[in-house]
Amino acid sequence: MKRLHISALLLLAAVTGCSHRVPTATVELIDTSLSITPHAEAAALNAVKGQISSLGRGDALILIPITGDAENDTGGHILRIQAPTTREPYDADLQRFRENARKQFSNWVATVRAEPNRTDILGALDAARQELSALPQGNIRRLVVVSDFIEDDGTYLFTSDRSLVSPTRARVLAARLRAEHRFTLPGVTLCLGRLESSDFAPLSVTRKNTIQTFWAAYFTERGQSPEIHFDGAGMLEDAGRECAASK
């Protein structure tokens, strides 16, 4: 009798634990500009496809492409996917959801590939911030950005802009743009991954470091600056672990 009582308690604890699972809402910015190598882009998109198959009940995945003109281009290219919360026998609801989500993702990929050379990361981040602010505050919220982090929006070109000739000037520019964009991410876990790029590889070490300095300053939250992971596609394959390590 005692053993049956313990078993019942364990089963109740397991059921209760599942019912109180906190959903995770992840907003991902994917750089599909022409500077990203085809291999890196394919690896990143395949990793996202794997994420869709592992979404738990109530989890949400919001995909935003990094385009050349985020203010005009991004709105119609945001893909919002959310897993069901009510369970059906044999998880039939999840199977239907994943099948439909994979089709939606394939259609999304077809619309965002072959973007122009310009890369408006700052504008895409503004769109991400709006998406994050609309999510339930009780959810675990994450922002994942995979890119070469070379801003090229028609105003700033990070490969040659004089505002990034030194770390000091890069920090000044980051502080000014962060204030202009009113960029802040309270309660959001941030994860950054680099994608192989034909524009980034030839840059001098000094220029690469100042670009890194800019983003470290731009993303600083409560005195903490996230690192850019070297393997962006690999990071996407295990975004939960990587983002937790970067928090």
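The values are calculated or read from the model by the stated rules, or taken from the named source; none is laboratory data. Quick caveat, the model's predicted, so the values are computed rather than measured. When we count neighbours, we look across all protein chains shown, and the Cβ atoms used for this are built from the backbone with ideal geometry, even at glycine.
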Residue identified as in contact (Cβ under 8 Å) with a residue 40 or more places away in the chain, surrounded by fewer than 16 Cβ atoms within 10 Å (Cβ to Cβ) and within 17 Å of the chain's Cα centre (by Cα) among Gly193, Gly187, Gly232: Gly187
Could you figure out which of (1) charged (D, E, K, R); (2) under 30 Å from Gly56 (Cβ atoms); (3) assigned to a helix (DSSP H, G or I) isn't true of Arg169? (2)
Sort out which residues of segment 21-44 are under 17 Å from Ala110 (Cβ atoms) and in contact with a Lys or Arg (Cβ under 9 Å, 6 or more places away or on another chain), and write them in order of number. Thr32, Ser33, Glu41
All positions within segment 58-77 that are crowded, with 18+ Cβ neighbours inside 10 Å and modelled with pLDDT of 90 or more: Asp59, Ala60, Leu61, Ile62, Leu63, Ile64, Pro65, Ile66
Can you work out which of the residues in segment 200-216 that are surrounded by 18 or more Cβ atoms within 10 Å (Cβ to Cβ) and more than 22 Å from the chain's Cα centre (by Cα) is farthest from Leu122 (Cα to Cα)? Leu203
